[in-house]
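Student: Got a structure for you, written out below as structure tokens; questions coming shortly.
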Amino acid sequence: EQALPELDASERHVSLDALTRFFQHPARSFLHKRFGLRLQEQLQDIPTREPFVIERYQDGEIREAIFQQLCEHQPATQALPLLRAKGLLPHGEPGDLVFAEQAALAEAFYHTQLTAEPLISGLHIGFVLSIGEADSAFQLTGVIKHLTHNGRKVYELGKLSYWQWLDIWLHHLVLNAIDH
């Protein structure tokens, strides 16, 4: 039995994005970093029948595309060809109905945010945090984005997954650890 070799100095510098990826998939990150293995996600089988509803967690992607059009002062229907090309909507009339439903939700969110503080601000803070003793310290680096004068503001137009909650939580911890 052999122990794994000590980390070299370059491995002691970690970005916030890499830390988030590690916590989202610890085994995958460990195997990639230490052994150079890349584990691929299994490809999903092609469905045997045509879908009439949107897939799980695709509602957020659909609403996000519509919301981006609205933020650019374009009609929501500008997103329809892109969403169809990506295969996110069912074909034909069911797809039109799903789009209308998702567009209504995105437009309602957009109009409620017009009176609120801007969702995406130009404020971001770069940071470098040292953790541990000087000779064996780890450095965590990155940029905290989506800042307003009242804190960090992120939005999700669909269901939040565990991975997104984890990302938000890690950004929250870093934001509270840095001097700003």
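Student: Check the straight Cα-Cα distances from Lys153 and name the aspartates and glutamates below 14 Å, setting aside those fewer than 8 residues away within the same chain.
Tutor: List returned: Glu117, Asp167.
Student: Divide by every residue of the chain the summed helix terms, -39500 (n - 2.57) for each DSSP H run of at least 4, and state the resulting mean residue ellipticity at 222 nm, rounded to the nearest 500 deg cm²/dmol.
Tutor: Details: 6 runs with 78 residues, N = 180.
Only helices count here, giving -13500 deg cm²/dmol.
Student: Separate question: Quick check: from the Cα gyration tensor, does the chain come out rounded (a/c under 1.5), prolate or oblate? Spell out each step's value before the answer.
Tutor: Numbers: a/c = 3.61, a/b = 1.49, b/c = 2.42.
Oblate.
Student: Where only protein heavy atoms count, and the probe is 1.4 Å, what is the accessible area per residue for the chain in Å²? Working shown, then result.
Tutor: Working: 13050 Å² over 180 residues.
That works out to 72 Å² for each residue.
Student: List the aspartates and glutamates whose Cα sits under 19 Å from the Cα of Lys86, skipping any in the same chain fewer than 8 residues away.
Tutor: Answer for Lys86, where 19 Å is the Cα cut-off: Asp45, Glu50, Glu55, Asp59, Glu61, Glu64, Asp96, Glu101, listed by chain and number.
Student: Tell me which aspartates and glutamates have Cα within less than 17 Å of Lys33's Cα, excluding those fewer than 8 residues away on the same chain?
Tutor: List returned: Glu6, Asp8, Glu11, Asp17.
The values are calculated or read from the model by the stated rules, or taken from the named source; none is laboratory data. Given the structure is predicted, the values throughout are model-derived calculations rather than measurements. Surface areas here come from the heavy atoms of the whole protein model, side chains and all, with no ligands, DNA or RNA. Shrake-Rupley method; radii C 1.70, N 1.55, O 1.52, S 1.80 Å.
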